[in-house]
Amino acid sequence: MGLQFTLAITGASGSAFGVAALKRLSASPAVDRITLLLSPTGKRCLLDETGLSVKDLAALPKVSLRDERDLGADISSGSYRHDGMAILPCSAGALARIAAGVSESLVSRAADVCLKERRPLVLCLRETPLNRIHLENMLRVHDAGAVVMPIMPGFYSGQKNLDDLFDTFATRVLDQLGLPESDPRRWKG
């Protein structure tokens, strides 16, 4: 059986980064299934920023869309085996709920399960400027086992357009999930 990941897109600007990661996961021969979650604001940002709808993303191969209100979904249980989760972009609100252990949606519950089961959880915060509460929440989830990976793309690999920038960052996220993919834009020194 191949790898299974969860990807959530929450209501922070930067949904194109999440789309790039989803497309990379969908195209990977090592991945069998991607559970996709979108918060209500994530759906709006997706449409406003990319012109894509939830249906467009759900039509990608290997993608299984879940209603973020379904707290009885498989990924809400620690007994369900999967290989990790990324929230890209991760809003400051989603970060706060995860840091506080508040599982009022499938996004925060699935993240909580990753933490308690010691599965990879990558939180790609997209907020600026950061206040003390954001910084404390980032430290809190880090200490609980998450990888805090704010959307701060590198510019050293000669990206020619925004899609290259999104893909380069998506490669780094997949690395953190344990799915290293080849990418000609990797730094070679």
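The values are calculated or read from the model by the stated rules, or taken from the named source; none is laboratory data. Please read all numbers here as calculations on a predicted model, not as lab measurements. When we count neighbours, we look across all protein chains shown, and the Cβ atoms used for this are built from the backbone with ideal geometry, even at glycine.
Got a number for residues in segment 163-189 being without any contact (Cβ under 8 Å) to a residue 24 or more places away in the chain and either surrounded by fewer than 10 Cβ atoms within 10 Å (Cβ to Cβ) or under 16 Å from residue 89 (Cα atoms) (or both)? If you could, list the steps in order and put the result at the bottom.
Here is the first cut: in segment 163-189, the ones without any contact (Cβ under 8 Å) to a residue 24 or more places away in the chain are 164-165, 168, 172, 175, 180, 182-184, 188-189.
Remaining after also requiring either surrounded by fewer than 10 Cβ atoms within 10 Å (Cβ to Cβ) or under 16 Å from residue 89 (Cα atoms) (or both): 165, 168, 172, 182, 184, 188-189.
Looking only at that region, the number is 7.
If we scan segment 153-168, do we find a residue that is among the polar types (S, T, N, Q) and either in contact with a Gly (Cβ under 6 Å, 6 or more places away or on another chain) or modelled with pLDDT of 90 or more (or both)? Don't jump to the end; show me each part of the working.
Quick first cut of segment 153-168, residues among the polar types (S, T, N, Q) only: 157, 159, 161, 168.
From what's left, either in contact with a Gly (Cβ under 6 Å, 6 or more places away or on another chain) or modelled with pLDDT of 90 or more (or both): 161, 168.
Yes; the residues of segment 153-168 include at least one that is among the polar types (S, T, N, Q) and either in contact with a Gly (Cβ under 6 Å, 6 or more places away or on another chain) or modelled with pLDDT of 90 or more (or both).
Given the structure, is residue 91 of a type in the set (Gly, Ala, Ser) and touching a Ser or Thr at 6+ places or on another chain (Cβ under 6 Å)? Full working, then the answer.
Values: of a type in the set (Gly, Ala, Ser): yes; touching a Ser or Thr at 6+ places or on another chain (Cβ under 6 Å): yes.
It is true that residue 91 is of a type in the set (Gly, Ala, Ser) and touching a Ser or Thr at 6+ places or on another chain (Cβ under 6 Å).
Here are some residues: 136, 104. Which one is acidic (Asp, Glu), assigned to a loop (DSSP other than H, G, I, E, B) and surrounded by fewer than 23 Cβ atoms within 10 Å (Cβ to Cβ)? Explain how you work it out, then say what you get.
On the way: 136 fails: assigned to a loop (DSSP other than H, G, I, E, B).
After applying the criteria, what remains is 104.
Given the options 65, 52, 3, name the one that is within 23 Å of residue 163 (Cα to Cα) and either modelled with pLDDT of 95 or more or in contact with a Phe, Trp or Tyr (Cβ under 9 Å, 6 or more places away or on another chain) (or both). Quick ask: steps written out before the conclusion?
On the way: 65 fails: within 23 Å of residue 163 (Cα to Cα); 3 fails: within 23 Å of residue 163 (Cα to Cα).
One residue alone meets the criteria, 52.
Considering only segment 77-101, state which residues are over 18 Å from residue 174 (Cβ atoms), crowded, with 18+ Cβ neighbours inside 10 Å and either under 14 Å from the mean Cα position of the chain (by Cα) or of a type in the set (S, T, N, Q) (or both). So that I can check it myself, show each step before the final result.
The initial filter retains those residues of segment 77-101 that are over 18 Å from residue 174 (Cβ atoms), namely 77-81, 91-101.
Subset that is crowded, with 18+ Cβ neighbours inside 10 Å: 91-92, 94-95, 97-99.
Of everything in segment 77-101, those that are over 18 Å from residue 174 (Cβ atoms), crowded, with 18+ Cβ neighbours inside 10 Å and either under 14 Å from the mean Cα position of the chain (by Cα) or of a type in the set (S, T, N, Q) (or both) turn out to be 91, 92, 94, 95, 98.
Where the second residue is outside any strand (DSSP E or B) and modelled with pLDDT under 95 and the first is under 15 Å from residue 141 (Cα atoms) and lies in segment 78-107, which pairs have Cβ atoms under 6 Å and are six or more apart or on separate chains?
Partner pairs satisfying both residue conditions: 91/11; 91/12; 92/127; 107/68.
Let's see how each residue does on (1) in contact with a Lys or Arg (Cβ under 8 Å, 6 or more places away or on another chain); (2) buried (at least 20 other Cβ atoms within 10 Å of the Cβ); (3) polar (S, T, N, Q):
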{"residue": "121", "(1), (2), (3)": "no, yes, no"}
{"residue": "127", "(1), (2), (3)": "no, no, no"}
{"residue": "132", "(1), (2), (3)": "no, no, no"}
{"residue": "140", "(1), (2), (3)": "no, no, no"}
{"residue": "161", "(1), (2), (3)": "no, no, yes"}
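Sort out which residues of segment 4-58 are surrounded by fewer than 18 Cβ atoms within 10 Å (Cβ to Cβ) and among the hydrophobic types (A, V, I, L, M, F, W, C), and write them in order of number.
Once the filter is applied, which keeps residues that are surrounded by fewer than 18 Cβ atoms within 10 Å (Cβ to Cβ) and among the hydrophobic types (A, V, I, L, M, F, W, C), segment 4-58 yields 27, 30, 47, 52, 54, 58.
Just to be sure I understand the filter: pairs with C-beta atoms under 8 Å, separated by 6 or more residues or on different chains, first member in segment 59-72 and exposed (fewer than 14 other Cβ atoms within 10 Å of the Cβ), second member of a type in the set (S, T, N, Q). Which pairs pass?
Listed by first residue and then by second, the contacts come to 61/26; 69/105.
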